[in-house]
Amino acid sequence: MLGSMDQTWEKEADKIDKEEYFSYLLDTYERLVYSICFKMTGNQFDAEDLTQETFLSIYKNLATFEQEYEKAWVCRIATNKGLDFLKSAKRRSEPKEDTYFEELKDQKASPEEAYLQQESKAYVYTICQSLKSPYKEVATEHFYREKTAKEIAAETDKGIKTVQTQIYRAKAMIRKMIEGRAIR
């Protein structure tokens, strides 16, 4: 019976020592941890939350803690908590009011943009039609209708390499035509 009382007393003494040591760490490093977290987040509330998370982690891992490296250990935990927060903050970033509407693009093109797109499409079609077969057909499908080489190959029963080569050659011909018109 006396042996079990000694064990209970030792556990209580360990608990008191552990809590006293944690209290010492909290008093000593709270401002340092907060400043690390604040520098990483730039936000008072997030820094306070990360400071609490840091000390919770310290308390949970106090048994594996080496006292001679306490400052480095505390700073490392705070830094890791801050880095984890920043990684998750990127994924859940909220747009700011000022930039939110500027970043949203209007789905409709302006009348000027619509006209320019239409003119550009017509120009591309005219250029493609001026090529000789089989480049005319491949260029029209690829540049005007914006199909991939794979889609064209499937529709025309040609090999993909053949279609890719024809697209490459049609592109070179179109480049020469456009450069020739620019010189005149």
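The values are calculated or read from the model by the stated rules, or taken from the named source; none is laboratory data. If you're wondering where the values come from, they're calculated on a predicted model, not measured in any experiment. A quick note on method: Cβ atoms are made from the backbone with ideal geometry, for glycine too, and the neighbour counts reach across all protein chains shown. With ligands, DNA and RNA removed, areas are computed over all heavy atoms of the protein, side chains included. Shrake-Rupley method; radii C 1.70, N 1.55, O 1.52, S 1.80 Å.
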Among the residues of the stretch 89-104, is any modelled with pLDDT of 80 or more, assigned to a loop (DSSP other than H, G, I, E, B) and either more than 14 Å from Leu26 (Cβ to Cβ) or in contact with a strand residue (DSSP E or B) (Cβ under 7 Å, 6 or more places away or on another chain) (or both)?
no
Quick check: is even one residue across the stretch 118-131 farther than 30 Å from Lys158 by Cβ and either open to solvent by 100 Å² or more (accessible area, probe 1.4 Å) or at pLDDT 80 or above (or both)?
yes
Count of residues meeting criterion [surrounded by 13 or more Cβ atoms within 10 Å (Cβ to Cβ) and in a loop (DSSP other than H, G, I, E, B)] in the stretch 146-184:
3
Could you check the stretch 146-181 and list, in sequence order, the residues that are closer than 18 Å to Leu131 by Cβ and of a type in the set (A, V, I, L, M, F, W, C)?
Ala149, Ile152, Val163, Ile167, Ala170, Ala172, Met173, Ile174, Met177, Ile178
Scope the stretch 19-46; condition exposed (fewer than 14 other Cβ atoms within 10 Å of the Cβ) and farther than 17 Å from Gln67 by Cα; matching residues:
Arg31, Ser35, Lys39, Gly42, Gln44, Phe45
Would you check which residues across the stretch 51-83 are at pLDDT below 90, surrounded by 10 or more Cβ atoms within 10 Å (Cβ to Cβ) and either of a type in the set (Asp, Glu) or not in a helix (DSSP H, G or I) (or both) and list them?
Asn61, Phe65, Glu70
